[in-house]
1. Run A26 past the list (1) closer than 22 Å to V8 by Cα; (2) at pLDDT below 90 and report the number of the one that doesn't hold.
2. Pull out all pairs, ordered by first then second residue, where Cβ-Cβ is under 7 Å, the residues are six or more apart or on different chains, the first lies in segment 1-17 and is farther than 9 Å from Q28 by Cα and among the basic types (K, R), and the second is at pLDDT 95 or above and surrounded by fewer than 12 Cβ atoms within 10 Å (Cβ to Cβ).
3. Across segment 14-29, what is the number of residues that are under 26 Å from the mean Cα position of the chain (by Cα) and surrounded by 10 or more Cβ atoms within 10 Å (Cβ to Cβ)?
4. Show me the helices (runs of 4 or more DSSP H) found entirely inside the chain where at least 1 residues are in contact with a Lys or Arg (Cβ under 6 Å, 6 or more places away or on another chain).
Amino acid sequence: MSLSQDDVKRIARLARIEIDDAQAQATQGQLNTIFDLIATMQAVNTDNVSPMAHAQEVYQRLRDDVVTETDRHAAFQAVAPAVENGLYLVPKVIE
């Protein structure tokens, strides 16, 4: 895919960016270089390549999924300004 200078100016207008002819020509060259790189990467055969989650073989150390803290629900509700049926009551903010 290759962009013309008119394409670059149209994109700039849609993005509400004001550019002159010299800037449009420089941007056209940069964008076409990027599109050429993308086309080169898309041409690579990746059929037998498995997806990677990370560039290196690193693994997250995981801990056992067990409860480590005690239940302090009653202690927190004891100091709450208003509680009903185990729920915190808050003032109405939307009418």
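1. So the condition that A26 fails would be (2).
2. none
3. Here is the first cut: in segment 14-29, the ones under 26 Å from the mean Cα position of the chain (by Cα) are 14-17, 27.
With surrounded by 10 or more Cβ atoms within 10 Å (Cβ to Cβ) added as a condition, the list becomes 17, 27.
Counting residues in segment 14-29 that are under 26 Å from the mean Cα position of the chain (by Cα) and surrounded by 10 or more Cβ atoms within 10 Å (Cβ to Cβ) gives 2.
4. On the way: elements: 5-14, 21-42, 73-78.
The qualifying helices (runs of 4 or more DSSP H) are 21-42.
The values are calculated or read from the model by the stated rules, or taken from the named source; none is laboratory data. Model, not experiment: these values are computed from the prediction. Note that each Cβ is placed from the backbone with ideal geometry, even for glycine, and that neighbours are counted across all protein chains shown.
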